[in-house]
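Visitor: Below you'll find the structure I mean.
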Amino acid sequence: MSDPGLAAERTQLAWSRSAMSLLACGAATAKGIPRVTDGHPVTGVVLLLLGGLVWLAGVPLARQRAAAARLGGRPVARHRDLAPVAYGTAVVGVAALIIAAFFPG
C-alpha cells in the first residue's frame, strides 16, 4: 500500500542515502581496504566530491517538493528540474565506462 503523501519524504531519504553511499565509497577508496586494494586517494576524493554534490543538489530539491506537497499542490517536474540529475547520471556512467575500459585491474 502506497501513501502518496509520503512520496516526497521517500525522495528526500533516497537522495540522502545516495549521497551517504558515495561518501562511504569515497572514504573507503581513498583509505584502501586491507587485503582487497591499496588506497586510491584521487579516486576517493572524486567520490567524496560526487557525494557532496549529490547531497547539495538533491536534498534541497526534495525539501522544496515536500513543502509544496504539504501545501496541497506539488508541481509536475519540468525538464530543468530533471536535466541535472539525468546529465549527472550520464556523466558518472560514461566516466565508469572509461575507467573500466582503459584502466582494468
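The values are calculated or read from the model by the stated rules, or taken from the named source; none is laboratory data. Computed from a predicted model, the values in this text were never measured in an experiment. All Cβ positions, even for glycine, are placed from backbone atoms using ideal geometry, and neighbour counts span all protein chains on display.
Visitor: Do we find that residue 61 is in the same structural domain as residue 12 (by TED's automatic domain parsing), within 15 Å of the chain's Cα centre (by Cα) and modelled with pLDDT of 80 or more in this structure? Lay out the reasoning, then the answer.
Guide: Numbers: in the same structural domain as residue 12 (by TED's automatic domain parsing): yes; within 15 Å of the chain's Cα centre (by Cα): yes; modelled with pLDDT of 80 or more: no.
It is false that residue 61 is in the same structural domain as residue 12 (by TED's automatic domain parsing), within 15 Å of the chain's Cα centre (by Cα) and modelled with pLDDT of 80 or more.
Visitor: Cβ-Cβ below 8 Å, separation at least six or inter-chain, first residue in segment 80-100 and of a type outside the set (Gly, Ala, Ser), second part of a helix (DSSP H, G or I) and surrounded by 11 or more Cβ atoms within 10 Å (Cβ to Cβ): which pairs?
Guide: Cβ pairs passing all conditions: 81/61; 84/57; 85/57; 85/58; 92/50.
Visitor: Which of the following residues is among the hydrophobic types (A, V, I, L, M, F, W, C), at pLDDT 80 or above and out of contact with any Leu (no Cβ under 6 Å at 6 or more places or on another chain): 76, 42? Break it down into steps so the answer makes sense when it comes.
Guide: Working: 76 fails: at pLDDT 80 or above.
One residue alone meets the criteria, 42.
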